[in-house]
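Okay, so here's the structure we're looking at.
Please treat every number below as a calculation from the coordinates, not as lab data. In this text the structure is predicted, and so the values were computed from the model without any measurement. Cβ coordinates were reconstructed from backbone atoms using ideal geometry, including for glycine residues, and neighbour counts include every protein chain displayed.
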Amino acid sequence: MVRIFLLLSIVATSFNALASENYSDHEAFCLQQPKTHCLTYIETRLNEVKDNPAQWYKIKTYQFDYYYDYQQFENLLNAITPFLEQDKLPDVFKLQMYFYYAKALNYIGKKAEAKTYAAKAFTQLDGIYNAFGDPLRLVELANLHYVFGSKKAAMRLLRDAEQRFAKNNDPIFHLELHINKAHIYLKWQQYEHAVKSNLMAYNAIKNTNHAAKIVLASGNLAYSYQQNKEYLEAINYYKTAFKFTEPSSIYHAIYSLRLAQVYLQIGKKAQAKEWLSRIDRNATEFGKGHAALYSKLQHALSNN
């Protein structure tokens with residue numbers, strides 16, 4: 001899942017969505033069959049366990065997580081919609097369902113409807129955290145506060161989680177914890193703190209097999225360096241992310257866009273044009289923020 005993440009006008013504009021996959025991490029699941037395309041493997045396993053409801057619901061959340069991580073929001077909404085009116089669903093499944101549904105609706109601009117489902121997720125998260133005390137649940141709760149509630153409340157929860165679970169050795173917990181802290185620092189324009197938190201997130205995940213999370217951690221770190229006007233570091237970490245992305249990935253396009261922006265910021269217009277030219281705009285479905293940035297850069301570079 002994402003571990004809560006995801007977020008903003010930063011590379012983050014895509015990450016807003018990025019933050020919570022803990023309970024249903026498709027990437028770890030798909031490592032069981034690394035030679036098979038992840039979504040294909042998920043769909044195959046869903047068919048194989050259709051007579052085992054507990055396993056089926058668990059694997060279904062991997063599908064939600066896959067769509068969310070790859071920003072396939074229409075597919076995600078379509079996958080969840082049939083379950084919204086069903087009452088007899090496992091509590092954890094309902095939590096993930098409401099969480100992803102709220103985040104997807106928020107991303108496509110349906111803010112009021114998103115808040116309705118976020119409220120349902122809040123209820124589920126509170127109950128599950130109180131019952132199990134899972135540190136990742138606390139981070140997910142903080143992420144919901146970040147997106148739909150109070151950023152101060154979110155930071156309080158994250159600092160609580162950091163203190164209470166400091167000895168936890170799960171790299172995904174530390175990734176999600178520090179990424180979410182960094183998102184808040186970015187909103188507060190505390191860029192040095194954002195760099196520090198995103199560097200801790202990157203260091204937590206960089207030596208694992210979680211390629212998608214390394215991509216996000218690299219991009220988040222690069223963006224915080226960019227906001228702190230440490231442009232060479234930003235360039236380095238955006239390029240680091242390319243080691244783990246496919247050329248057709250939305251993140252490949254987003255980071256190319258950010259590199260064009262950074263090179264223009266430091267006055268290297270030829271490099272900026274080169275990176276912008278690598279984006280196939282007809283084949284890339286940018287969100288509103290990234291689409292606006294692409295048009296802005298295209299206009300600025302065409303006049304030079």
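Below are the figures for this structure:
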| read-out | value |
| --- | --- |
| Nearby aspartates and glutamates by direct alpha-carbon distance to LYS268 (threshold 16 angstrom, same-chain neighbours under 8 apart not counted) | GLU230, GLU233 |
| Note, ³J(HN,Hα) from phi for segment 221-232, Karplus 6.51, -1.76, 1.60, rounded to Hz, x at Gly and Pro | 5, 4, 5, 5, 4, 4, 5, 8, 6, 9, 5, 5 |
| Distance (nanometres) between label positions extended 7 Å along Cα→Cβ at GLN163 and ASP87 | 4.2 nm |
| Sites matching GluC sites (Glu not before Pro) across segment 62-161 that sit in DSSP coil, with at most 14 neighbouring C-beta atoms within 10 Å | GLU85 |
| Value in Å of the Kirkwood radius, where segment 48-87 supplies the Cα pairs that are averaged | 10.8 Å |
| The chain: calculated mean residue ellipticity at 222 nm from DSSP helix runs of at least 4, using -39500 (n - 2.57) | -22000 deg cm²/dmol |
| Pairs beyond 18 Å (Cα-Cα), from LYS269/LYS296; LYS273/LYS296; LYS60/LYS243; LYS151/LYS229; LYS50/LYS120 | LYS60/LYS243; LYS151/LYS229; LYS50/LYS120 |
| Gain on full stretching of the segment that runs from ALA270 to SER302 - 0.36 nm per residue minus C-alpha separation | 10.4 nm |
| Spin-label model distance (nm) - ALA291 vs THR44, 7 Å beyond Cα toward Cβ | 3.6 nm |
| Efficiency of FRET from Cβ geometry, GLU246 and THR123, R₀ 41 Å, rounded to 0.05 | 0.60 |
| Net charge of neighbours whose Cβ lies under 15 Å from the Cβ of LEU232, counting Lys and Arg as +1 and Asp and Glu as -1 | +2 |
| Karplus (6.51, -1.76, 1.60) ³J(HN,Hα), θ = phi - 60°, over segment 52-64, in Hz, Gly and Pro reported as x | 10, x, 4, 5, 4, 5, 4, 5, 4, 5, 5, 5, 4 |
| Using θ = phi - 60° and Karplus 6.51 cos²θ - 1.76 cosθ + 1.60, couplings along segment 237-251 (whole Hz; Gly, Pro as x) | 7, 4, 5, 4, 4, 5, 5, 10, 10, 7, x, 8, 5, 4, 6 |
| Among ALA283, TYR100, TRP188 the positive-end extreme of the charge dipole of the chain (Cβ point charges) | TRP188 |
| Cα pair distances in the chain, grouped into 10 Å bins until the bin that holds the longest one, percent each | 6, 29, 35, 22, 7, 1, 0 |
| ARG278/LYS111 FRET efficiency (R0 30 Å; Cβ-Cβ; nearest 0.05) | 0.35 |
| Simple spin-label estimate for GLN33 and LEU77 in nanometres, 7 Å along Cα-Cβ | 3.0 nm |
| Net dipole in debye of the chain [+1 Lys, Arg Cβ; -1 Asp, Glu Cβ; about Cα centre; nearest 20] | 940 debye |
